[in-house]
Each structure stands twice: as structure tokens, then as C-alpha cells.
Amino acid sequence: WDFCISNLLVKTGLGLSVGIVASALIFKRKSWPIALSTGFGIGVSYAECQKTFNPTAIPGVKIIKHSSSTSG
């Protein structure tokens, strides 16, 4: 959980800062770039946490169980 929470804070902060810069420089101080980029940060963080907790949810990944055979 620590990784996911720190990842959420970092990605959300980066999205927020990119949105503020884009809003100030490109979009004449509109608020939608801030909300959009913050949402992207939250979404990326959620996807990475989902991969951490459930690795079988990644497309193309196959989990192979190791069979322990005793040969004597």
C-alpha cells in the first residue's frame, strides 16, 4: 500500500503542476487543463496499483505454476 499511496501523490502532483503550467501558458487560465491532467495522474497511478495487486490482469501475462516433482 505504501508504494501505491506514494505513487498516487507523486503522479497527482505532477499532473496538477503540468495542468497549472498548461493552463497559464497555453489555455489562458482555464481550469479544465488542471482537472484533466490531475485526472490523468490519478488514472495512471490507479493502473499501476492494479498491476501491483493483480499481476494476472495485465494483458499478455501468463502465470505458470511451478510443479515440484520429486524424482528419486
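The values are calculated or read from the model by the stated rules, or taken from the named source; none is laboratory data. In this text, all values refer to a predicted model and were calculated from it rather than measured experimentally. When we count neighbours, we look across all protein chains shown, and the Cβ atoms used for this are built from the backbone with ideal geometry, even at glycine. Surface areas here come from the heavy atoms of the whole protein model, side chains and all, with no ligands, DNA or RNA. Shrake-Rupley method; radii C 1.70, N 1.55, O 1.52, S 1.80 Å.
What the table shows:
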quantity: Filter result for LEU9 (surrounded by fewer than 15 Cβ atoms within 10 Å (Cβ to Cβ) and at pLDDT 90 or above); calculated: yes
quantity: Which numbered condition THR56 misses (of (1) β-branched (Val, Ile, Thr); (2) open to solvent by 60 Å² or more (accessible area, probe 1.4 Å); (3) modelled with pLDDT under 90; (4) touching a helix residue (DSSP H, G or I) at 6+ places or on another chain (Cβ under 7 Å)); calculated: (4)
quantity: Selected residue (criterion: surrounded by the fewest Cβ atoms within 10 Å (Cβ to Cβ)) from residues of the stretch 34-44 that are in contact with a Gly (Cβ under 6 Å, 6 or more places away or on another chain), in contact (Cβ under 8 Å) with a residue 24 or more places away in the chain and not β-branched (Val, Ile, Thr); calculated: PHE40
quantity: In the stretch 13-33, the residues that are of a type outside the set (A, V, I, L, M), open to solvent by 80 Å² or more (accessible area, probe 1.4 Å) and outside any helix (DSSP H, G or I); calculated: LYS28, ARG29, LYS30, SER31
